[in-house]
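Chemist: I'd like to ask some things about the structure below.
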Amino acid sequence: MFQVFFTLTQIPVNPLAMDILNTLKNYADQIGGTFSDYDHSKAIVVVPLQDGRFQTVLAVLEKSKTSGRQRVVFTSKVADYHSGIDARDLLVQNGLFDYCKFIVDGNQLKVIASGLADSMTEDEVKFMVQEVAQLADHYELKLTGKDIH
């Protein structure tokens, strides 16, 4: 048992864990979006999408309540949650996504994706941001008919 623990603690640290925000800034520049960083643990990327639409993705670096490791959480608002939204359908849709899932936070329906910062690659960060933005925008348009967030 001790040897397994020792082996797990010897996994090399991914330099991306220390530099997620810089990766997000570079990605925003690459896709023609905007990047705003609030502090060493929060940033916003505004992702340009098809048909002149945009979607805001919040990135938060935080300690995982499950593992205690640093994780990055990407979220984007979809719409105000109300009883007319088919929650069962959203749960079914969750099973179709690569990284994302729907959550209800307060009275807001959001799309969220997360991963452990020390094991994420730069490509995974980019893919997660893009998936969050595209799904949030798709369901925002579907539920509201507007480009709100």
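Chemist: Checking S64 against (1) among the hydroxyl-bearing types (S, T, Y); (2) touching a residue at least 40 places away in the same chain (Cβ under 8 Å); (3) buried (at least 17 other Cβ atoms within 10 Å of the Cβ), only one condition comes out false. Which one?
Modeler: (3)
Chemist: For V78, are the conditions met, namely being touching a residue at least 24 places away in the same chain (Cβ under 8 Å), aliphatic (A, V, I, L, M), in a strand (DSSP E or B) and farther than 21 Å from D37 by Cβ?
Modeler: Yes.
Chemist: While we're looking at this one, here's another question. State all residues of region 17-58 that are aromatic (F, W, Y) and in contact (Cβ under 8 Å) with a residue 12 or more places away in the chain; if no residue qualifies, say none.
Modeler: Of everything in region 17-58, those that are aromatic (F, W, Y) and in contact (Cβ under 8 Å) with a residue 12 or more places away in the chain turn out to be Y27, F54.
Chemist: Any residue in region 75-91 that is exposed (fewer than 14 other Cβ atoms within 10 Å of the Cβ), of a type in the set (S, T, Y) and more than 14 Å from V129 (Cα to Cα)?
Modeler: The answer is yes, given that some residue of region 75-91 is exposed (fewer than 14 other Cβ atoms within 10 Å of the Cβ), of a type in the set (S, T, Y) and more than 14 Å from V129 (Cα to Cα).
Chemist: Identify the single condition in (1) in contact with a Leu (Cβ under 8 Å, 6 or more places away or on another chain); (2) without any contact (Cβ under 8 Å) to a residue 24 or more places away in the chain; (3) basic (K, R) that R88 does not satisfy, given that it satisfies every other one.
Modeler: The single condition R88 does not satisfy is (1).
Chemist: If you go through region 93-149 one residue at a time, how many are assigned to a strand (DSSP E or B) and surrounded by 14 or more Cβ atoms within 10 Å (Cβ to Cβ)?
Modeler: The qualifying residues number 12.
Each value in this text was obtained by applying a stated rule to the coordinates, not by laboratory testing. Here the structure is a predicted model, which is why all the values come from computation and not from measurement. Glycine also receives a Cβ, built like all others from the backbone with ideal geometry; neighbour counts cover every protein chain displayed.
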